[in-house]
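The values are calculated or read from the model by the stated rules, or taken from the named source; none is laboratory data. As the structure is a prediction and not an experimental result, all values here were calculated from the model. Using ideal geometry, Cβ is built from the backbone for each residue, glycine included, and neighbour counts are taken over all protein chains shown. SASA here: full protein model, heavy atoms, side chains in, ligands and nucleic acids out. Shrake-Rupley method; radii C 1.70, N 1.55, O 1.52, S 1.80 Å.
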Amino acid sequence: MKKFLSYVLNDEKPLHDRQLILMLTVTILAWIITLVEKTILGRNRFSNIALAAGIVIYILVTVVCVKMNKIRFGAVILTAGVCFGYIPATFFYSGGIYGDAPLWFLFSILFVCMALSGKAKIILLILDGVCAAVCWFISFHYPYIYPHNNSRIAHIYSLVAFFLIAVAVSIMMGFQNYLYKRENARSEKQKKEIEALNKSQNQFFSSMSHEIRTPINTIIGLNEMILREDISDEVADDAANIQSASRLLLHLINDILDMSKFASGQMELTPVIYHPGDMLSEIVGMLWLRAKEKGLEFHVNVAPNVPAELLGDEVRIKQILINVLNNAIKYTKEGSVSLSIQCGDRSDDELTVIYSVSDTGIGIKKENIPYLFTAFKRVDEENNRRIEGTGLGLSIVKQFVDLMEGRITVNSVYTKGSTFVIEIPQKIVGDQSIGEVDLETRTAATRRKEHRTRFTAAKARILVVDDNVSNLMVVSKLLRETKVQVETVSSGAEALKRTLDNFYHVIFMDHLMPEMNGIECLKAIRTQVGGHCKTTRVVALTANAGSESKALYESEGFDGYLVKPVTGDELERELARLLPADIVTYTGSDDEVLQETISWMNTNQQKKPLIITTESVADLPEDIIKKYGIAVLPHIVTTEEGSFRDGIDIEHNGLLRYMEDVTRKVTTSAPDIHVIEEFFAKQLTVAHNVIHFSISDKMTGSGYFAAKEASVAFDNVSVINTDHLSSGQGLVVIEACRMAEEGLSPEEIISRIEAAKSKIHTSFIVDNLDFLARAEQVSYRIANITKSLMLRPVLELKNGKMTIGGMYIGARERAWKKYIDSILKNEKNIDKRILFVTYVGLTKKEMDWIGEQIHERAKFKKIYFQTASPVIAVNCGAGTFGLLVRDEDGKNGW
């Protein structure tokens, strides 16, 4: 019994196994009681012996399965024994439906449900039902084969069975409830432990952040004073490096603190009005030195229409950009790192700002991209093992972007570089834009810039309260040029002594101080009897960072909040805001300050929101390609002399002359994946998104699958199967370009194109099938038969497949007329804006004749006679042309 209880109550054992053991035990006990009952009533001795043997076998099988840890296997065997052994035997030896068997059949269903799971349960439930049906069938048709109980025995059997089954069910249900309560209690205990652990972790991170910020405040503050002094260029460079390294260390501390907030669900945004120019200036000042140390070029491109002021969480946006730029510099050995800022979708008061960070580094493998934003996960560890990092940066970036309801996408070619595109919606403040500014590369950061104080206030008196002497010294020195009268004390008690006898315009107050903290000191100042500073502005100057800290200080009555490490500019801005205007003399205008912060930007380069790309087999006219800025990916034509790029290294007339020798073999193919990846990467240097239109995926040599695989490395590249080729594919591309000009998003363009590309009609009439036979598209036998019968086939694309759309018999001109009639017979249903006549090897006289035939039947706004690409020429041969149109419905469908 002890072993049984220790097993059933052991939480380390699987719940299902413990439940099964209890079920088997209860069932065996019920059978033993049944055996005693039948023995007392003197029923069939053979059935009693069989029941006793069954009980012994069940006990043995149960013990063996537990010992061998084969409980699941044993469950199937034992359940089958119950359903197809004991229950049917009980039915036929205990009076059929006039005994206890019906109740035991119900018990068998419960037994199966609790003992088994998955397919085994379903199968045995079905078989149990079949077994019961068979028993009832036999009972109805052959009632004489089993003994009939008298009324007394039948009532005893059914009553005992009822109580036994009721007790068994009650025990099982009670046990389940007991287990669930235990599990809930354990879960609740674990939840409290996790909450306590999270609380301890957050307290640790917060304390760590506070303790590290205090010495960093001293380092950054004193270093700023060094940069203000008349020092040599070498010392200035060293000081600039210290400044950059200190801020990066502070940034890493913020990452760790933020990660704990995300884990505990406490992260909140703090939107403020900020100047993008100031923010970007600070970011570049931190990171450009790192780029310079590695010999990297560092470019910044800012669109002139970016607003001068925005409403957003400046601290978090800055954190996002620093993390991504830091990563780019870290993983780039040579070349450049670029930051681009542009405006995306804009409404009355909201704007999506697009930040793009590109590098020429090692890139990211396609299979690693899904793990890029996983905390503490570093992709491609083998190649990156010598590169330092926590693995936190991009995880925090993704979480911040999601919190801001933005979007981050990654486009990368392994060994070539990566581009991260971050889109963050923000509120627009005012009408002023950064504007067009002539900019130079920010090499000026290598030189120290003379500090120019914002104001002077010789009559202003301020008090600084901090238990750290270094912090007091830093604030005093940073404010020296403002000429304000700075007094310092190292405790709350000393502060109260000063405020009792003196008036101060502003007090900077630390929070965590021994004996009396900053909040207690503030309340004491506000209620101090005879004090001179009851209405003085008090600013929390603390190492406690975070939006929750700011909210705390606001609720406690502080008039401002500054986080250590603090800069001279931050102190000056806060004093300029709080000091009485009549004692402040300003030394520069806001416009001058704004001009200074953006003087390093480069607004010459802007990315387009979207670029449309396609393949050379789209057979588009050069003027359309230039008009819409379409990027064309050439297919490859391979001859005995080598491989050539379609439309660049080879043209179709020269190729036709080469193919006049029928022994010469020419093949065509799509470019390989690496070439397509480089093509996509190049397009993403000039546009944020790429939609690539490919030849039908059902055509031999289609580039769709290679393009689709290549696009996996880029979040901003979409590959569309046009289900067409030649200028039919071109028509799809033209419509996509028109939609892009209208400002439609990539998602809207793709949706509309997918819905309407069936409106395009692509077909060609060919002189013969010789060229298709040489290209192994059809057999030579078919080609010879059609030529001998003077059949002129029409090749037509239906659902992306090339089929024979018809045959015209007779001379070429007669066949051409019939083909033109078949295309233009319902000219009212054809969109008259554009028609492509795409041809291979036609003379000017033949083209003029085709043009006359078209004008007789329909009036098109624009007809393009377009030479087919060499890839098309290889498969069709001279004397081929096609009328490529779209339905009038297509105009609305687009």
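Below is a table of values for the structure above.
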item	result
DSSP beta bridge pairing in the chain, given as percent antiparallel to the nearest 5	60 percent
Stretch gain in nm, segment residue 678-residue 803, where the contour uses 0.36 nm per residue and the Cα spacing is subtracted	41.6 nm
Residue among 283, 471, 853 farthest towards the positive dipole end of the chain, charges placed on Cβ	853
Sequence-separation-based contact order of segment 646-764, relative, with Cα cut under 8 Å and 6+ spacing, percent	20 percent
Accessible carbon and sulfur surface of the chain relative to its total accessible area, %, 1.4 Å	55 percent
FRET efficiency estimate (nearest 0.05) - Cβ-Cβ, residue 273 to residue 469, R0 51 angstrom	0.90
Average Cα contact separation per residue, segment 268-378, under 8 Å, 6 or more apart, as relative contact order %	26 percent
Tail weight of P(r) past 18 Å, computed on alpha-carbon pairs of segment 84-150, percent	36 percent
Charged-residue dipole, Cβ positions (Lys, Arg, Asp, Glu), segment 503-556 about Cα centre, Debye nearest 20	260 debye
Dipole magnitude (debye, nearest 20) for the chain, charges at Cβ of Lys, Arg, Asp, Glu	4240 debye
Positive-end residue, the chain charge dipole about Cα centroid, Cβ charges, pick of 308, 616, 136	136
Charge sum, other residues only, whose C-beta stays under 12 Å from residue 311's C-beta, Lys/Arg counted +1 and Asp/Glu -1	-4
Simple Cβ-charge dipole of segment 284-380, Lys/Arg +1 and Asp/Glu -1, about Cα centre, in debye nearest 20	680 debye
Relative contact order for the chain, counting Cα pairs under 8 Å that sit 6 or more residues apart, in percent	8 percent
Spin-label model distance (nm) - residue 191 vs residue 622, 7 Å beyond Cα toward Cβ	7.3 nm
Cβ-based charge dipole, the chain, positive-most Cα from 560, 740, 61	61
Principal axes of the chain: Cα extent on each, largest first, Å	117, 110, 50
Projected label distance in nm at residue 501 and residue 163, using a 7 Å step from Cα toward the beta-carbon	9.7 nm
At least 30 Å along the helix axis (C-alpha) and Kyte average at least 0.0, DSSP helices within the chain	15-41, 45-67, 118-141, 233-264
For residue 748, net neighbour charge (Lys/Arg +1, Asp/Glu -1) across residues whose Cβ lies under 14 Å away	-4
Surface accessible to a 1.4 Å probe, per residue, for the residues of segment 702-842, Å²	44 Å²
Extension gain (nm, one decimal) between residue 150 and residue 524, 0.36 nm per residue minus Cα-Cα	125.0 nm
